[in-house]
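Since the structure comes first, as structure tokens, the remarks are kept for the end.
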Amino acid sequence: MADLGRAALIVTFGLAVYSLVAGGIAARRNERRLAASARNALYCSFASTLVGAAVLATALVRHDFSFKYVAAHTNRHLPVAYTLSAFWGGQEGSLLLWLLVLTGYGALAVAINRRLLRDLTAWVVPVIGGIATFFSFVLVAVASPFDTQTAPFDGAGLTPSLQNPYMVAHPPMLYLGYVGLSVPFAFAAGALLSGRTDERWIVATRRWTLAAWMFLGFGQLLGAHWAYVEVGWGGYYAWDPVENAALMPWLAATAFLHSVMVQERKGMLKVWNMVLVALAFELSVFGTFLTRSGVVNSIHSFAKSSIGPWFLAFVVISSVFSLALIMWRLPLLKAKTKLESAISREAAFLYNNLLLVALCLTILWGVLFPIVTQLVKGETRTIGRPYYDFFLRTFGLPLLLLMGIGPLVAWRKTSLRGLMRTLSWPMAAAAVAGIVLVAIGAGSSSPGLIAYTFSTFVLATIVVELVRGTRATGSLFTLVARNRRRYGGYLVHAAVVLLAIGIAGSSAYSSSVERRLALGQSMTVAGYTLTNRGVTVDPKANVTETRAHLAVAGRWNGTISSGDNQYVNPPEPSREVGIKTDWLRGQDLYVIVDEAHPKTGLVFVQVLVKPLINLIWVAGIVFLFGSLIALWPDAREQRRLVARLAPAAP
Amino acid sequence: MIIVGVLLAAAAVVLVALPFLREPVAADDRLDAPTEADQRRFMLVEERDRALAALKELEFDHRTGKVDDADYRELLGPLRQAAAVALRALDSPQE
């Protein structure tokens with residue numbers, strides 16, 4: 001069966017090279033049949049990659065340990081869901097998933113647009129073919145998931161921390177996001193190569209960008225929740241290089257989703273949009289490089305190997321290619337109009353873009369700094385949390401404020417007088433919120449107080465927008481249905497506000513106490529009293545579970561258990577935290593037991609109370625809902641677009 | 001299994017060669033790229049749609065109170081003019 005997998009990947013590689021070379025020649029020489037042939041090669045590359053993926057999935061389900069990959073990442077004790085999730089638990093499998101999603105996305109995007117945008121898709125095929133060539137080459141020559149061996153009786157098993165329901169969904173979500181950014185990149189490159197730099201590539205990729213951005217954003221929140229419940233340090237985001245690797249392309253894509261509206265409305269920022277699309281794509285490949293190369297120390301770098309130099313070479317070559325293309329087509333990207341006023345919607349988008357890109361680049365510098373110091377000084381120096389927190393506050397708080405001001409500013413220009421009148425209600429709401437927060441003692445943290453006040457301001461602007469819009473159209477449903485992108489976007493803004501409230505609450509106002517507790521001893525934290533009721537040890541087939549049991553009294557009465565699991569295969573420990581959620585307050589009682597002695601009953605325990613942390617997870621659901629509203633196809637808009645693009649279509 | 005692999009490769013070759021198998025000799029093998037006239041028309045449609053959308057947006061912003069009467073009057077004229085220019089250009093015979 002491994003032969004079939006290998007053959008499938010070799011076929012994919014051949015097809016990808018063909019779609020790159022033949023597609024490039026066809027587009028350059030304007031040859032119809034060769035272009036159709038290259039397009040068919042792209043479709044077939046998806047089918048052959050699917051065969052390869054099916055072979056690996058079958059080997060995983062059958063526990064076929066003659067596959068080195070299956071033996072390295074699973075064992076016979078692993079439940080089916082985690083056995084299948086091992087597909088992306090290792091390096092070779094995750095690269096295969098990258099290629100599968102890339103060829104699938106690419107084939108679908110080309111198939112959908114091939115009639116309406118024939119001149120553009122002729123150039124998109126070789127670009128996607130080029131990216132697929134790289135990934136299929138790595139899978140064929142450097143990191144094959146189909147290497148075989150004499151089958152051992154059992155496999156090494158999956159790292160315990162990956163045996164979590166969130167890990168079944170989090171990596172594929174991220175890959176759908178990372179790879180999804182290839183589509184707008186390929187269309188942007190196609191537009192530059194063909195010299196057709198009008199809006200058509202934006203129209204063709206609008207939903208692809210939005211979908212990729214949604215998957216990347218939601219995938220990160222799933223990852224954050226996994227870190228919170230599984231890694232067991234009480235946090236959800238540690239500014240780890242691999243976490244940052246997913247955040248950076250998301251920030252670049254967020255900037256693009258905003259700035260592209262300026263190009264659509266005013267024909268401005270064409271160069272900037274090209275740069276952002278290229279940046280988002282390069283950062284997505286760079287993220288895969290960081291995760292898979294082992295070049296940086298990260299708890300998320302589950303696989304380390306020699307693919308690093310290949311990825312680095314690809315990032316460098318594709319970056320140079322993108323920049324050269326943009327420079328070459330600069331004369332075609334000149335804007336016809338200028339910014340009319342510093343107080344206008346387009347100006348607000350520009351400020352938002354500058355802040356988002358500044359945040360993205362400061363994070364990039366934080367990620368690159370250890371690598372740079374290693375190269376220059378021969379010693380690795382890392383950048384810690386205070387650096388990232390400082391820049392998050394510096395750029396994040398003004399971004400939050402802009403999120404409220406932007407929607408209330410009109411396109412082209414707004415007078416200061418008009419703006420102040422429009423902002424009066426939200427400003428009053430924010431002022432009241434600030435006074436109330438200070439009165440109830442929330443003034444102990446200035447960033448927290450500012451975040452809450454700005455959050456109130458943004459929520460008030462959304463309400464004002466919805467109320468005024470509903471009055472103007474007569475119905476909320478009609479209002480949203482007429483402009484799903486805008487009102488879906490407002491819901492996403494509301495999700496960001498919830499996220500900001502959750503982050504501020506759980507970091508600025510959290511309580512943490514560490515104690516060594518003998519049997520029967522108690523400790524009190526933020527209204528909860530915890531009493532040590534003893535330690536149990538429960539040996540099972542592949543794991544021994546040690547748990548300390550703590551009776552809780554106060555805001556909640558019951559028992560909470562925390563400890564660790566010691567797995568036999570793989571012989572690794574896993575920390576198991578105890579979490580009790582108070583949904584009314586949105587807060588968690590979070591218990592970490594570092595040491596638990598079964599004989600004496602002595603435990604070393606850390607108890608955290610994290611106010612409003614659950615708003616972060618609620619934000620994820622609101623974010624998903626808002627994104628889906630913005631994504632939802634609009635038949636009326638589609639008809640308008642077809643009519644608009646038809647004159648340019650053959 | 002290797003036979004399945006060979007069949008897979010053969011099927012891929014046939015599909016890739018299909019455009020040439022269907023039309024061994026093509027009367028016109030040029031890719032149907034938009035002509036200069038198509039391209040010009042598309043740009044004009046883009047400008048017309050942009051101008052009309054801006055007008056619609058201004059109306060909505062005025063109705064919702066985002067744009068006051070003074071700003072509305074100031075912005076309306078140039079936008080109407082831009083829309084009229086775009087519409088006239090689209091109606092005029094192409095060169």
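Between segment A:26-62 and segment A:351-407, what's the alpha-carbon centroid distance in Å? The two parts, judged by their Cα centres, are 39 Å apart. Mean residue ellipticity, 222 nm, helices only, chain A: the sum of -39500 (n - 2.57) across DSSP H runs of n ≥ 4, divided by residue count and rounded to 500, is -21500 deg cm²/dmol.
Tell me the net charge near A:Phe187. Cut-off is 11 Å between Cβ atoms, A:Phe187 excluded, with +1 for each Lys or Arg and -1 for each Asp or Glu.
+3
Largest accessible area first, the residues A:Leu479, A:Leu459 order themselves as A:Leu459, A:Leu479 under a 1.4 Å probe with ligands, DNA and RNA left out. Chains A and B together bury some 4800 Å² of accessible area, summed over both sides, with a 1.4 Å probe.
Please give me the summed charge of the neighbours of A:Ala472: other residues whose Cβ is under 13 Å from its Cβ, Lys and Arg +1, Asp and Glu -1.
Charge balance near A:Ala472 sits at +2.
Here is the size of chain B from its Cα atoms: Rg then Dmax, 26.2, 77 Å. Shown for segment A:1-163 is the translational diffusion coefficient from the Stokes-Einstein equation, using the Kirkwood radius over Cα pairs, a temperature of 20 °C and a viscosity of 1.002 mPa s: 131 µm²/s. The residues of segment A:1-36 listed by number as losing at least 50 Å² of accessible area in the complex, against the isolated chain and with a 1.4 Å probe, are A:Leu4, A:Val11, A:Asn30, A:Arg32, A:Arg33. Rolling a 1.4 Å probe across all protein chains gives A:Asp64 an accessible area of roughly 40 Å².
Surface composition of segment A:278-420: carbon and sulfur atoms hold 72% of the protein heavy-atom accessible area at a 1.4 Å probe. Name the residue from A:Trp201, A:Leu416, A:Ala541 whose Cα lies farthest towards the positive end of the charge dipole of the protein assembly as shown, charges +1 on Cβ of Lys and Arg and -1 on Cβ of Asp and Glu. Final value for the positive-end residue is A:Leu416. Computed over protein heavy atoms with a 1.4 Å probe, the accessible surface of the protein assembly as shown works out to 42 Å² per residue. With every protein chain in place and a 1.4 angstrom probe, the accessible-area ranking of A:Lys580, A:Lys68, A:Lys338, A:Lys266, largest first, reads A:Lys338, A:Lys68, A:Lys580, A:Lys266.
Please compute the length gained on full extension between A:Arg516 and A:Val320, using 0.36 nm multiplied by the number of residues separating them and subtracting their Cα-Cα distance.
Here the answer is 64.9 nm.
The accessible-area loss of segment A:37-51 on complex formation, taken against its chain alone with a 1.4 Å probe, reaches 30 Å² or more at A:Ser37, A:Asn40, A:Cys44. Name the lysines eligible as straight-distance cross-link partners of A:Lys610: C-alpha to C-alpha under 26 Å, and not fewer than 8 places from it in the same chain. Straight-line reach from A:Lys610, under 26 Å: A:Lys580. Mind pulling the angle between the C-alpha long axis of helix B:2-22 and the longest principal axis of chain B? Nearest 10 degrees, somewhere in 0 to 90. The angle comes out at about 60 degrees.
Taking other residues whose beta carbon is less than 15 angstrom from the beta carbon of A:Ala278, and scoring Lys, Arg as +1 and Asp, Glu as -1, yields +1.
One equal scatterer on each Cα of segment A:511-610, no solvent, Debye formula: the resulting log10 I(q)/I(0) at q = 0.24 Å⁻¹ is -1.21. Under the classification rounded if a/c is under 1.5, otherwise prolate if a/b is larger than b/c and oblate if not, where does segment A:287-431 fall, given a ≥ b ≥ c as square roots of the Cα gyration tensor eigenvalues? Oblate shape, in that a/c is at least 1.5 and b/c is the bigger or equal ratio. In this structure, B:Val13 and A:Asp634 have a Cβ-Cβ separation that, at R0 = 60 Å, corresponds to a calculated FRET efficiency of about 0.90. Each Lys and Arg contributes +1 and each Asp and Glu -1, all at the Cβ; summed about the Cα centre of segment A:102-218, the dipole is approximately 540 debye. Ordering A:Phe46, A:Tyr82, A:Ala151 by Cα displacement along the dipole of segment A:1-163 toward the positive end leaves A:Phe46 in first place; charges were set at the Cβ atoms of Lys, Arg (+1) and Asp, Glu (-1).
The figure for A:Glu637 is an accessible area of roughly 40 square angstrom, using a 1.4 Å probe on the protein chains alone.
If one computes P(r) from the Cα atoms of segment A:1-94, what percent of pairs lie at distances over 15 Å? I get 63 percent for the Cα pairs in segment A:1-94 exceeding 15 Å. Residues whose amide H comes within less than 5 Å of that of A:Gln521, counting only those at least five positions distant or on another chain, are A:Asn532 (H built at 1.01 Å from N in the peptide plane). Note on surface exposure: A:Ile363, A:Ile405, B:Ile3 rank B:Ile3, A:Ile405, A:Ile363 by accessible area, highest first, 1.4 Å probe. As an equivalent ellipsoid, the protein assembly as shown spans semi-axes of 46, 39, 19 angstrom, where each value is the square root of five times an eigenvalue of the C-alpha gyration tensor, largest first.
Relative contact order of chain A, taken over Cα pairs closer than 8 Å and 6 or more residues apart, is 11 percent. Given a 1.4 Å probe and the protein chains as shown, A:Val80 ends up with an accessible area of around 100 Å². To the nearest ten degrees, helix B:36-63 and the longest principal axis of the Cα atoms of chain B are 40 degrees apart. Placing +1 on each Lys and Arg Cβ and -1 on each Asp and Glu Cβ, with no other charges, gives segment A:167-389 a dipole about its Cα centre of roughly 660 debye. Between segment A:185-211 and segment A:461-533, what's the alpha-carbon centroid distance in Å? Comparing the Cα centres of segment A:185-211 and segment A:461-533, I get a distance of 36 Å. Which part of segment A:554-571 falls in the paramagnetic zone of A:Arg76, meaning amide N under 20 Å from the point 7 Å along Cα-to-beta-carbon? What the label zone holds, given the 20 Å backbone N cut-off, is A:567-571. Counting only Cβ charges, +1 for Lys and Arg and -1 for Asp and Glu, the dipole size of chain A around its Cα centre is about 2760 debye.
The values are calculated or read from the model by the stated rules, or taken from the named source; none is laboratory data. These figures come from a predicted structure and were not determined experimentally. Heads up, the Cβs are rebuilt from the backbone with ideal geometry, glycines too, and the neighbour counts pull from every protein chain shown. The area values use the complete protein model at the heavy-atom level, side chains included, leaving out ligands, DNA and RNA. Shrake-Rupley method; radii C 1.70, N 1.55, O 1.52, S 1.80 Å.
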